[in-house]
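Engineer: Dropping a structure here in structure tokens format, bear with me for questions.
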């Protein structure tokens, strides 16, 4: 069973559209994250939720809105997609907010055309 | 906030050569240190981690890393690389009391058969 699963894995969409990426973890963790990996492979944290509460919110355009309906899910909604949003988005999870390993999903490849 | 620098952008080795990838972090407090590997088209997988104790950490697939506190370093080593080690390697750091993980820019390793 996949520990951290994301859907869709690949997404090609036009500029201006609104899209969502879903993430679910079955590890029983209470903390989830979204990371963005750009074309140069640079990984940067976007958001982190602990027990459905936002605890890390990096400087990200407000077109990006995470939603955590429960501890096992953290979805990422993106409004008015721009070319620069093209990247790989990784969901991740951990137990607690400190001192534990972060487990990553397989990534969602978003291409905006 | 903490930051991470990886010295080598792209390393090319022949099979059986020894590997050392540099990683330095910037943070004044106690840290947790990680190395992740990303095989082509795949998600990040944890190679090894250091939280406390023996500064020489052994991970999967024959990798090890040494935490040198005085140098703020956590270099990754492998005595004899294989073609299958071709991947992107990321060093990452969190402070001991939160999981705001910061990644280095990554080092691409190419192993020639």
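All of the numbers you see were taken from the coordinates with simple rules; none came from a lab. Bear in mind the structure is a predicted one, so any value in this text is a computation, not a measurement. For neighbour counting, all protein chains shown are included, and Cβ atoms are generated from backbone atoms with ideal geometry for every residue, glycine included.
Engineer: With each label point set 7 Å from Cα along the Cα-Cβ vector, what nm distance links residue B:26 and residue A:67?
Structural biologist: Placing both labels 7 Å along Cα→Cβ, they lie 3.9 nm apart.
Engineer: A further question follows. Counting only other chains, what is the mean number of Cβ atoms within 10 angstrom of the Cβ of each residue in peptide B:85-97?
Structural biologist: Rounded to a whole number, the mean comes out at 2.
Engineer: Within 10 Å of each Cβ in B:101-108, how many Cβ atoms from other chains are there, averaged over the peptide?
Structural biologist: Average per residue, whole number: 4.
Engineer: What share of all Cα pairs of the protein assembly as shown, in percent, falls into each consecutive 10 Å distance bin?
Structural biologist: Here the calculated profile for the protein assembly as shown is 8, 33, 35, 19, 4, 0.
Engineer: Hey, can you rank A:5-11, A:28-34 by average C-beta count inside 10 Å, highest first?
Structural biologist: A:28-34, A:5-11
Engineer: Same structure again: Show me B:86-97, B:57-68 ranked by packing, highest mean number of other Cβ atoms within 10 Å first.
Structural biologist: Highest to lowest by the protection proxy: B:86-97, B:57-68.
Engineer: Separate question: So how far apart, in nm, are the two label points at residue A:58 and residue B:60 if each is 7 Å from Cα heading toward Cβ?
Structural biologist: 2.4
Engineer: For the stretch B:17-113, treating each Cα as an identical point scatterer without solvent, what Debye log10 I(q)/I(0) comes out at q = 0.13, 0.14, 0.16, 0.19 1/Å?
Structural biologist: Summing over Cα pairs of the stretch B:17-113 leads to -0.42, -0.48, -0.63, -0.87.
Engineer: Mind checking A:100-108 for the average number of partner chain beta-carbons within 10 Å of each residue's beta-carbon?
Structural biologist: 5
Engineer: Next question, about the same structure. Under the definition of Cα pairs under 8 Å and six or more residues apart, what whole-number percent is the relative contact order of chain A?
Structural biologist: Relative contact order comes out at 36 percent.
Engineer: So, one more: Between the stretch B:33-104 and the stretch A:1-66, what is the separation of their alpha carbon centroids in Å?
Structural biologist: 23
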